[in-house]
Each structure stands twice: as C-alpha cells, then as structure tokens.
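Engineer: My structure is below; once you've seen it, I'll send some questions.
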Amino acid sequence: MKRFFAFVRKEFYHIFRDKRTLLILFGMPLAQILLFGFAITNEIKNADIGVLDNSKDVTSLELINRIKASGYFKLAEYGNNTESIEESFRKGKIKLAIIFDRDFGKNFQLGKNPELQIIADASDPNTANTLINYISSIVMSFTHEKNINNKISLINTEFRMRYNEELKGVYLFVPGLITIILMLVSAMMTSISITKEKELGTMELMLVSPMKPYTVIIAKVIPYTFLSIINSAIILILGKFVFDVPIQGSLILLMAEIILFILSALSLGILISSITDSQQVALMISLVGLLLPVILLSGFIFPLENMPLWLQYFANIIPAKWFMIIIKSIMLKGSGITDIWLETLLLAGFTLVFALISVVKFKMRLE
Amino acid sequence: MKELSIKVSNLSKRFGNFVAVDNISFEVDKGEIFGFLGANGAGKSTAIKMLCGLLEPSSGNAEIAGFDIYKETEKIRKTIGYMSQKFSLYEDLTVAENIRFFGGIYGLNKNEIADRTKYILDWLKISNLRDVLVGSIPLGWKQKIAFAVSVIHNPKIVFLDEPTGGVDPITRRQFWEMIYLKSGEGITIFVTTHYMDEAEYCNRISMMNKGIIEALDTPENLKAKYSSVNMDEVFLKIARGK
Amino acid sequence: MYDIEIKNISKQYGDVIALNNINIQVRKGEIFGLIGPDGAGKTTLIRLIATLLVQNKGEIKALGYDTISQFQEIRNKLGYMPGRFSLYQDLSVIENLELFASIFGTTVEENYNLIKDIYSQIEPFKNRPAGKLSGGMKQKLALSCALIHKPELLLLDEPTTGVDPVSRKEFWEMLSKLKNMGITIFVSTPYMDEASRCDRIAFIQAGEILDIATPDEIISNFDDKLIAVKSDNKYKTLQDLKTLNTLRYVYPSGEYIHYVDSRKEYSISGIMEILEQKGNTNIELKLIEPNIEDCFMKEMMVRANERIIH
C-alpha cells in the first residue's frame, strides 16, 4: 500500500509542477463555461419573423404582440398574402413565418381547435428548432393564460426543450461542458501522462520494478479522477450561481453518474496510451478520436435528430451520448435512477469493456 | 608566415553570474586538425557556438577565416561546415536527397550538387546507398556521410562536435582518415571528442576546464609536460587540477 | 553459480536480426562487460535480461529465474539503469530516490550504507529537480535509484556514454566498490578502454558475440605480430602501408599506426626500408603488445573480410 501511495503522490507532484497541465485542468473549465455561457449561447434574440394574419382579430393581434414582446422576435414582415411571405423566406429576410388561419380568432373563442401554421427556415436546423420552441412555448403560455380549455394545434413543433421552460441555452451547455471537460481531463490527460513516461523512459524503470501493471494504472488514474470531480463541482457551482442553472435531481446520483463517466473516460485514456508510445499521437487520438465525436455526436451542439440515420446509430456507441442524456435528465428534469437505469447500465457496460481491454492491452514489457 | 584560420582573443561568455567561457585565447592554422577537449560542462559547446556565430560573446574578439564573429556571422556561416553527434542528416531523406538539400543550403547550383553527389558517393564507395533512407544506414556510415556533406561546399573550417560518439572502432578510424584527407586539402578541422585515442590524431589539442583553456599543445608535448603515457592520463591530470 | 545464463538467444525486430544465437554466462559477484559499438545489440540484450523484451529463440535465466515465466521474481531483485537518463525530471533528487525506495517496499534509510559513497556526492543538491543536474550528477542519481532496494544483480546499459573521462573513471571506481559488496554487475559500454575494468568481457558486433574471456586472456590470445609505426606524416604513411601486398590489416591507433603483416616471419626493417623509399621521414617502427582495442579490431577485421559490409 505504501508503494501505491508513493506513486499517487508522485503523480500529484507531476501535475502541480507543470504549469501547462494546471492551466488545462483548471483554466479550461472556467474559460469554457464563461465563453459558452455568455458569448456563444444558443439563445437567439430579435430573430426576424414574418406574420401572415388571415384572421386579423383581437386574439391574433394579442398573440402577435405577445410574441413581439418576448424579445426573441422582431416583426420584419407583416404580409398580406402567402406569396410575399414566401419571397421574404427565399431572400432570407425572415427566419420564421407564422400564418394565422382565417378562422383563428373565432375558433379560439369557440374552443374549436384554431389553426396556426409555423414555418421555420430549416437550412439552419439549430436556429429553426430553437425558434419553434420559443414560439410554441409562448403560444402555450398564452393559451393557459386565457384559461380556455381549447387547444391550439401547432404544426411542425417539437417539445424538445419542454423542461427548459425559460428557454435558456446555458442550461444545455452546463451538462455539455461537464461531458467535454471530463473527457478532456480524464482521457486526454491520462493518455498523455502515460505516454510521457514512455517517452522519457521512466516507464521502462517502472516496468522492471515489482509494481504490478494495474497498480501503476490505478495510481495514475486516481489524481485525475480526483481532479475531474473537482472540475465537475466547479462547473456545477458556476452554473448554479452565475447562470442559475438548477440541479433538479439528486446531487448524490448526479455525482455517482459523473464518477461512472470519469471512469469510462479514464479507461479510454489508458487504452489510447497502450496503442501508442508518443505523447503527440496520444494527443491527436484524444482530440480527433474522442473529443470531436463527443462534441459532434453527443447532442451537445448539434441535435442528433437532424443527422443521417447511420450517424445516429453510430452515436450510440459513444458513451458521452448516454452520459449527456443522464446528466440532462438529472439536472433539468429531476429524474431518478428509475428513469435513467438503461442509460446508466449502458455507460457502466462501456466502462467495464474499456477498462477490461486496457488492462489486457497494458504491456508488462516494452513490446 | 602561416595562414591563420581561427583567431580568438580574450573571448568570454557569461550567463547571469555563471561564466561559461572565461577569457580564452588561441589560434588555429589553416589545415590544422585542432582537438578541442574538456570535461562535460567545461564550456566547449558554448565556445563552439560562439565561433560558429550562433551565440554572441559577452566580451573579447574572434575571427573565423578572417571574419569578425560579431559583425560577419552571415559570412562565417557560409565559410564553415558543421556536424555533431546529435544532428547530422535527415533520417527520412535518402542519401542523395540529403546531399541535395545541404548543397542547396550552402548555395551550390544544380550542376555543382550533381558533381558533389557523385564525388561523395565515389569517395565513400557508397553508390549503392544513393537512394537509401539515411535512417536505415548504420550509425558509423551515417556519420561518415554527414562529414562528407559538412564539407560539400569546400568550407575553410569544419566544426565537428563529438562526431564519432558510439561509432565502432573500425568506422571511427575510417572517419579519421576522411578527416586527414580534408585537412591535407587545406580545410581546418576543429573537433571535440571523448575518445582519448582520437585526441592523439590531432595536430594540436586544447584542454578546457571550468571555462578556461588549461593547456594547449601538441599531444606529444602535452604527454611530456604532464609526464603521462597517453592522453587519457593527461586529461585526468588536467581535469583534476594536478 | 551463474547469476545470468543466456542460452541460444536470438531476437528479431521484423526482418532485422538484432541478436543472433547469443550464449553468455555471468558468474555471481563478477563485473561482466558487454563491449561493442552502437547498434551491436547491447541494449536489446540488456532489456531481454531485464525482462523488458521477449526473445524469439533461446532462454535466459537471471538469478536462477526464467525471464519469461518468472519475471516478477527477477524484477524484485534487479537493479537496472537504462541507457538514457530515465528519472523523473520534475521530481527533486530526494523525491526520486524516495519514490524508487517505496516502489521496492523499502526506505532510503534502510539501504543508505549501500549508496552512501555515491549519494553523498549529490546530497548537497537533494532538493534540486533531477532535470537540472549536470550529466555526472544525473548518472550518480540514476545509479543510487537503481541500488536503493539492494539488488543482487545490477544491469547497466552504457552508463558512461557521453560522460567525460574523469566522470567515467569515478564511475568505474564506484562499480568496483559495489562488486566488493557482493553485487553482480552486467555492464555494456562502447569504450574499449573500459574493458580492463571488468572481470570478464564479451565482444559484441552486429548481433553476434565475437569472443568471451577475461581481458588478460583476450590479450594473450592475440597471436599476431603487432607493429606500431609513427612518422612525420601519419596520413601518408597510413596510405603507403595500405599499398603493401603483404598487408593483413592496418589502422591508426592513437599517436601510432598499428600494422599487422600477412607473413608470420619477416623483418621489421624491411617495412622500414619500403616506407623510406616511398618518401616517409622520421619513421619510428616497433613491435608492441596489443591492447583490448587491438583485439577487438582484429576480430572485427577478420570478420569484415569474411563478409563485406553492405
């Protein structure tokens, strides 16, 4: 046990003496959350929209005013016929069009399923999705407010952000960031720190010592697990106090899932280091092989629903995708383990497989 | 009167409080094989870097082939050749490609490069290695080729920094025969080595210790002066300050 | 009793044969030198003994254990110093030493007497990061770390390469002391002159062992008549000697040129006359005793004649 702790202590020395590592470890999460939180949120303000109000009555006007007042939309076109709206769309003047049915107001008062058509410019699927969500949310609250038991049927609307009632982009970025940063710190940093030992020749000395390979691995992994947990805590705290991102579910469950994900990322890191002996290659594999799929295919930035089917299937083998679902459910929906047991099981399965392969692949010798 | 190739007077280099080279002076004749010896950290590398125009001295003067090491570093670099144990040739290029590359660097034109390539391949009898990657050639041979490449532009002086480290005894000797040949053609050879038998091959030797030149003479005279049977003993006596 | 037994070892990397049918036995308590140039296969052989590589053929026993099936036992009792400096550069001298002590389940205090002589020289710098030490000090730290668990067998891969003659001499003095403490030492070196420091040596060249014997035996087995030649123009004399049709081999060696004739019996003055005729001046010619390097040169020359390089 003394051997083990001596080794763990040494790992901490390496981390704390290397300014660059420290910067990546602690500077990155901070910079990223602030960057994403403030600058590049998915929030869209003052989007140009067009309205074709065939109904032209109190109800439709009130709804239009409500939409204008939300701050998300700017009325760029108040059309008279379908053609003019069509043209504005083509020219890119408007991102979304709302078309009121002739009997909208009447049906609304009568509770007879008034029809409202919403068309979004899907050439930018993310914006389209967001805008539709904004509109649908406004329309819903409008309906509830009027306290009439009627339904307004919305066309082309999804309720993907149903639980993000205030429609804040940063809510989604916090889970996404935790995922990315854990991947970065756990997988990339471990694979680099192991390959560094290979490059410097110190691995050679460790191998000829009585240290068992798995002890070397576990000792290497412990500091990064520890630091990753601290990092997730920093992001959660920043999210809560700077951006008011709630944690609806159990904090203990959340931390447990985070640790499970950290373990799967660490195993991936070790796996990478067993394939290559060079820090540079390890870095490349981590970036291209791990980070890129996590960013692109976990549903963090681009909605998976808009991707080709084969890519959606492919995304299933990315542990980050499942972790994203888990962490979003816990944080935003307040889900318990009964809701996310399947995803948790999948993640645990991945972790086990990666850990097993990396232990098997870890070389007891130089070749 | 002998033609001077290197003239160093009161040259010093300080890094902060640390004096790496402390007021050294010496002269090297044209075509001379000059052995520049000293323990690790004695200041050899710093001195060589200054002479090649890579490092500005803190004080003192030096002329390399008549060029001032402060003002004419560009001209110096064109007149000298350089080769070291650590870097000699690009491993991922073939022999011919390396020759073409270094020839190009030293401003040789296409015809000259073709001539020199043929010359080097014939000289070393390695026409069969022409299109072989340097990385797959044994170390000793690689160093021989590197030396040939370092004199491709017929420099006035060539600096060799531990050129034979780790090379087998036979190839090491072949390497020295190449040095003799080039010295005979009038190229000044400025060489460092850890092999004391190689020190004997030099016309004159300087022994550096803690930044100063402790001794400078022919191997013969040094052995007599320090009453030693070989250069190894001379080296130990000087380095230990006896 | 043998501490290392190498039997019919061959090792290949892809198509490249690094070691070809090596047989060496190292006795308990001796300093065994593996002598040969870069690329001869020294590092591969040492890594095989250190259980870091697996051979293609043959078997190695270190301290009585098989390097493949019983490598854990060997790793407990082995001290190993790789060819290049392989300690943690960002850890201080004392942190490195303590790390290696703990890894082997011991403490610095417990085996301090073993490393005292070596370590006391770097102790004043014990809080300095290992990466900031001078070459000689790094080497002493590496040796201290390799010794801290009181190994029975010490494997040193070119410990003196790139080290100046003074530090080299000190290093060999340290090895002699360790030998007196009963540690078996297997050391590789490209420096021929270090051979005389070993109890027994093996010449290795291009993956093959040329000879194994004590340094004295190797010298006494040298049965050629070796002549040392000196003149005003060494290069010219060397070229002239190469033109002799009775030449067996010739090479420069220090201030002299060493010459061996193909005839068993001949007069030295005959050679002298020829050299004078060719215009050499101030010629000195004498019969000398060979040194280790001459023996190695001979072995290599003879083999090189058998198969032309490349």
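Yes/no per residue for (1) among the polar types (S, T, N, Q); (2) under 14 Å from C:Gly83 (Cβ atoms); (3) assigned to a strand (DSSP E or B):
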| position | (1), (2), (3) |
| --- | --- |
| C:Ala18 | no, no, yes |
| C:Ala40 | no, yes, no |
| C:Thr43 | yes, yes, no |
| C:Val54 | no, no, no |
| C:Gly58 | no, no, yes |
| C:Lys61 | no, no, yes |
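Engineer: Residue check: is C:Gly41 closer than 14 Å to C:Ser188 by Cβ, buried (at least 16 other Cβ atoms within 10 Å of the Cβ), in contact (Cβ under 8 Å) with a residue 12 or more places away in the chain and within 14 Å of chain B (Cβ to nearest Cβ)?
Structural biologist: Values: closer than 14 Å to C:Ser188 by Cβ: yes; buried (at least 16 other Cβ atoms within 10 Å of the Cβ): yes; in contact (Cβ under 8 Å) with a residue 12 or more places away in the chain: yes; within 14 Å of chain B (Cβ to nearest Cβ): yes.
Yes; evaluated as a whole, the condition is true for this residue.
Engineer: Can you pull out the residues in the range C:66-85 that are farther than 25 Å from C:Ser144 by Cβ and part of a strand (DSSP E or B)?
Structural biologist: Of everything in the range C:66-85, just one residue is farther than 25 Å from C:Ser144 by Cβ and part of a strand (DSSP E or B), namely C:Asp66.
Engineer: Let me ask something additional. Given the criterion within 27 Å of C:Asn113 (Cβ to Cβ), in contact with a strand residue (DSSP E or B) (Cβ under 9 Å, 6 or more places away or on another chain) and surrounded by fewer than 21 Cβ atoms within 10 Å (Cβ to Cβ), identify the matching residue among C:Lys179, C:Lys225, C:Lys230.
Structural biologist: When all the criteria are applied, what remains is C:Lys179.
Engineer: Now for a different question. May I ask you to say which residue of A:Gly349, A:Gly334 is in the same structural domain as A:Ile180 (by TED's automatic domain parsing) and on the phi > 0 side of the Ramachandran plot?
Structural biologist: Checking each option against the conditions leaves just A:Gly334.
Engineer: Same structure again: What residue, among those in the range B:213-231 that are in a loop (DSSP other than H, G, I, E, B) and among the polar types (S, T, N, Q), is farthest from the other protein chains (Cβ to nearest Cβ)?
Structural biologist: Top of the filtered list is B:Ser227.
Engineer: Six or more apart or on different chains, Cβ atoms under 7 Å: show the pairs whose first residue is in the range A:208-219 and within 10 Å of another protein chain (Cβ to nearest Cβ) and whose second is part of a loop (DSSP other than H, G, I, E, B).
Structural biologist: Sorted first by the residue in the range A:208-219, then by its partner, the pairs are A:Val208/C:Ala50; A:Val208/C:Thr51; A:Val208/C:Leu52; A:Ser209/C:Phe104; A:Pro210/C:Phe104.
Engineer: Counting just the residues of the range A:1-22 that are in contact (Cβ under 8 Å) with a residue 12 or more places away in the chain and farther than 14 Å from C:Leu91 by Cβ, which one comes out nearest to the other protein chains (Cβ to nearest Cβ)?
Structural biologist: A:Arg3
Engineer: Looking at the range C:161-176, which of the residues that are part of a helix (DSSP H, G or I) and among the charged types (D, E, K, R) is surrounded by the fewest Cβ atoms within 10 Å (Cβ to Cβ)?
Structural biologist: Taking the range C:161-176 as the starting set, the residues that turn out to be part of a helix (DSSP H, G or I) are C:165-176.
Of the ones still in play, those that are also among the charged types (D, E, K, R) are C:168-170, C:173.
Values: C:Arg168: 24, C:Lys169: 18, C:Glu170: 17, C:Glu173: 11.
Checked the range C:161-176; the qualifying residue surrounded by the fewest Cβ atoms within 10 Å (Cβ to Cβ) is C:Glu173.
Engineer: Residues to consider are B:Gly31, B:Gly38; find the one that is within 14 Å of another protein chain (Cβ to nearest Cβ), crowded, with 22+ Cβ neighbours inside 10 Å, within 16 Å of the chain's Cα centre (by Cα) and on the phi > 0 side of the Ramachandran plot.
Structural biologist: Being within 14 Å of another protein chain (Cβ to nearest Cβ), crowded, with 22+ Cβ neighbours inside 10 Å, within 16 Å of the chain's Cα centre (by Cα) and on the phi > 0 side of the Ramachandran plot holds for just one of B:Gly31, B:Gly38, which is B:Gly38.
Engineer: Same structure again: Can you name the residue in the range B:88-107 that is part of a helix (DSSP H, G or I) and of a type in the set (D, E, K, R) and is also surrounded by the fewest Cβ atoms within 10 Å (Cβ to Cβ) among such residues?
Structural biologist: B:Glu97
Engineer: I'm trying to understand the selection: among the residues of the range C:253-282, which are in contact with a strand residue (DSSP E or B) (Cβ under 7 Å, 6 or more places away or on another chain) and either more than 19 Å from C:Tyr235 (Cα to Cα) or in contact (Cβ under 8 Å) with a residue 24 or more places away in the chain (or both)?
Structural biologist: The answer is C:Glu255, C:Tyr256, C:Ile257, C:His258, C:Tyr259, C:Val260, C:Asp261, C:Ser262, C:Ile268, C:Ile271.
Engineer: Hey, among the residues in the range B:201-212 that are part of a loop (DSSP other than H, G, I, E, B) and surrounded by 23 or more Cβ atoms within 10 Å (Cβ to Cβ), which one's farthest from the other protein chains (Cβ to nearest Cβ)?
Structural biologist: So, considering only residues that are part of a loop (DSSP other than H, G, I, E, B) and surrounded by 23 or more Cβ atoms within 10 Å (Cβ to Cβ), the one farthest from the other protein chains (Cβ to nearest Cβ) is B:Cys202.
Engineer: Further, regarding this structure: Has the range A:69-76 got any residue that is in a helix (DSSP H, G or I), surrounded by fewer than 18 Cβ atoms within 10 Å (Cβ to Cβ) and in the same structural domain as A:Ala120 (by TED's automatic domain parsing)?
Structural biologist: Within the range A:69-76 (the criterion being in a helix (DSSP H, G or I), surrounded by fewer than 18 Cβ atoms within 10 Å (Cβ to Cβ) and in the same structural domain as A:Ala120 (by TED's automatic domain parsing)), the answer is yes, since at least one residue qualifies.
Engineer: Starting from residues that are in a helix (DSSP H, G or I) and at pLDDT 90 or above, keep the ones in the range C:177-193 and report whichever is nearest to B:Phe235 (Cα to Cα).
Structural biologist: Ranking the candidates gives C:Lys177 first.
Engineer: Among the numbered criteria (1) within 13 Å of chain A (Cβ to nearest Cβ); (2) in contact with an Asp or Glu (Cβ under 8 Å, 6 or more places away or on another chain), which one does C:His149 miss?
Structural biologist: Of everything listed in (1) within 13 Å of chain A (Cβ to nearest Cβ); (2) in contact with an Asp or Glu (Cβ under 8 Å, 6 or more places away or on another chain), C:His149 misses just condition (2).
Engineer: Taking into account only those residues within the range B:153-169 that are surrounded by 23 or more Cβ atoms within 10 Å (Cβ to Cβ) and among the hydrophobic types (A, V, I, L, M, F, W, C), which is nearest to the other protein chains (Cβ to nearest Cβ)?
Structural biologist: This residue is B:Val167.
Engineer: Please specify each residue of the range C:214-227 satisfying the condition of being touching a residue at least 12 places away in the same chain (Cβ under 8 Å) and either in a loop (DSSP other than H, G, I, E, B) or within 21 Å of C:Tyr249 (Cβ to Cβ) (or both).
Structural biologist: C:Thr214, C:Ile218, C:Ile219, C:Asn221, C:Phe222, C:Asp224, C:Lys225, C:Leu226, C:Ile227
Engineer: Pull out all pairs, ordered by first then second residue, where Cβ-Cβ is under 7 Å, the residues are six or more apart or on different chains, the first lies in the range A:85-106 and is in a helix (DSSP H, G or I), and the second is among the small types (Gly, Ala, Ser) and at pLDDT 80 or above.
Structural biologist: Listed pairs, sorted by first residue: A:Ile85/A:Gly50; A:Ile85/A:Ala97; A:Ser88/A:Gly50; A:Phe89/A:Ala97; A:Phe104/A:Ser55; A:Phe104/A:Ser60; A:Gly105/A:Ser55; A:Gly105/A:Ser60.
The values are calculated or read from the model by the stated rules, or taken from the named source; none is laboratory data. Note that the structure is predicted; figures quoted are calculated from it, not measured. Virtual Cβ from ideal backbone geometry, glycine too; neighbours counted across all protein chains shown.
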